[in-house]
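Here, each number is a calculation from the coordinates, and none is a lab measurement. Just so it is clear, the model here is predicted, and its values are computed rather than measured. Reconstructed Cβ throughout: ideal geometry from the backbone, glycine too, with neighbour counts over all protein chains shown.
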């Protein structure tokens, strides 16, 4: 019995290490350091111009995921290419991070291309990473394993931010980009080696129309993806612009932004762990509902926040719902996928999340640019959480919680 359990535990831990590896990219590159560096140092943010270019870059990367995710996911399932795609997209992200060292002030288009490709690689790798969840999680433990992955991922974010802080203070940005790339590469290796082998299917034909028909025919899946389409837009936009909002509207320095997100990562880690088992016990839908109510409160509080200390408290509170909503959404999605279609339907999951997330950064950037302040943009993002919460109530999960 023990011999049967240990390989599964090792495989789960190896899978979780990929969350640990890629979270340094999310925390340092997308959220706290490179985003501010690109907006203020590469572009310059007079009249919201940096926000506009950053929103374009992130939206372009997500559009590429939308256009390629379902088709490549289906191809990965049918041709047994899941691991190859997993490795290739991870390598693309890491290579682009290393090339950030070639950027200087005014290199707007090169910076745009590198961050768009890096984020495209990162988001695409998540499709294949997520698709292994039903394969490695024990029955009835999807929520626990998904939450554990996010919790270990936030630990990776903490490590990345701790390393980043002294380098930012010393203005050693190029060294920081190289360290993030190396961190991602080294800790991704166990997940590449430990995942179960791919299972090619006899029919290698990829039919996008059939994928759409399969999704539309599955009522719980169809309704969940519509709600996810809206509320995850709010989550994704908050992640992308929170550091920029803190730096621009509330005048956080870059070291202060890093300290802020260190605190957020700790609260996100606690939130992901605290709600991992309840996701299996109560059901992922209830956990998502609770966290969406929290996100609505966070949006209102962030809009009215004037002092740095107030925003700090709001951000830490948001962290409690950050890991839990991502983990519960991943677990609910995994519970609704028929066997043998993991990459295909997680590709469609990415299509819904990322196609909606194209809209969010564009809305934030455009509203910030047109209104001349970011508070109006924060209010616009809050609408996505309300709409997603209302639509989620129509979802009736096909599989009850164990």
*With r defined as the distance between the Cβ atoms of residue 102 and residue 366 and R0 fixed at 25 Å, what FRET efficiency is calculated, to the nearest 0.05?*
0.25
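By how many nm would the segment from residue 95 to residue 162 grow when fully extended, if each residue of separation counts as 0.36 nm and the alpha-carbon distance is taken off?
Details: separation 67, 0.36 × 67 = 24.12 nm, distance 2.25 nm.
Length gained, residue 95 through residue 162: 21.9 nm.
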*Is any residue of region 112-138 close enough, with backbone N under 20 Å, to a label point placed 7 angstrom from the Cα of residue 192 along the Cα-Cβ axis, and if so, which?*
117-133
*Compute the FRET efficiency between residue 383 and residue 174 as 1/(1 + (r/R0)^6), taking r as their Cβ-Cβ distance and R0 = 30 Å, and round to the nearest 0.05.*
0.15
_Take residue 251 and residue 217, extend 7 Å from each Cα along the Cα→Cβ direction, and tell me the distance between the two endpoints in nm._
6.1 nm
*asked:* Eigenvalues of the Cα gyration tensor times 5, then square-rooted: what semi-axes does that give for region 97-233, in whole angstrom, largest first?
replied: 34, 21, 17
*Taking 7 Å along the Cα-to-C-beta vector as the label spot, tell me the residue 109-residue 394 distance in nanometres, rounded to one decimal.*
4.4 nm
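Expressed as a rounded percentage, what relative contact order does the chain have, with Cα pairs under 8 Å and six or more residues apart?
On the way: 698 pairs, mean separation 122.1, N = 402.
Relative contact order here is 30 percent.
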*asked:* Taking the 0 to 90 degree range and rounding to the nearest ten, how far is the long axis of helix 2-24 tilted relative to the main principal axis of the chain, both from C-alpha atoms?
replied: 30 degrees
*Separation of the residue 306 and residue 46 label points, Cα + 7 Å toward Cβ, nm*: 3.0 nm
*Specify the angular offset, from 0 to 90 degrees and rounded to the nearest 10, of the alpha carbon long axis of helix 254-274 from the longest principal axis of the alpha carbons in the chain.*
20 degrees
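Evaluate 2.2 N^0.38 Å with N set to the residue count of the chain, then give the Cα radius of gyration divided by it.
Values: Rg = 19.8 Å, N = 402, 2.2 N^0.38 = 21.5 Å.
Compared with the compact-globule rule of thumb, the chain sits at 0.92.
If you take the square roots of the eigenvalues of the alpha-carbon gyration tensor of region 116-158 and sort them as a ≥ b ≥ c, do you get rounded (a/c under 1.5), prolate (a/b over b/c) or oblate?
oblate
Just to verify a number: FRET efficiency for residue 209 and residue 282, C-beta to C-beta distance, R0 = 56 Å, to 0.05? Mind dumping the intermediate values first?
Values: r = 36 Å, r/R0 = 0.65.
Approximately 0.95, to the nearest 0.05.
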*Can you tell me the relative contact order of region 279-402? Whole percent, Cα pairs under 8 Å, sequence separation 6 or more.*
41 percent
*For helix 142-169, report the angle its Cα long axis makes with the longest principal axis of the Cα atoms of the chain; keep it between 0 and 90° and round to the nearest 10°.*
30 degrees
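Can you tell me, using C-alpha contacts under 8 Å and at least 6 residues apart, the relative contact order of region 35-151 as a whole percent? Please list the in-between numbers first.
Numbers: 106 pairs, mean separation 35.5, N = 117.
Contact order relative to length: 30 percent.
Can you give the helix-only mean residue ellipticity at 222 nm for the chain, where every DSSP H stretch with n ≥ 4 adds -39500 (n - 2.57) and the sum goes over all residues, rounded to the nearest 500 deg cm²/dmol?
On the way: 15 runs with 314 residues, N = 402.
Here the helix-only value at 222 nm equals -27000 deg cm²/dmol.
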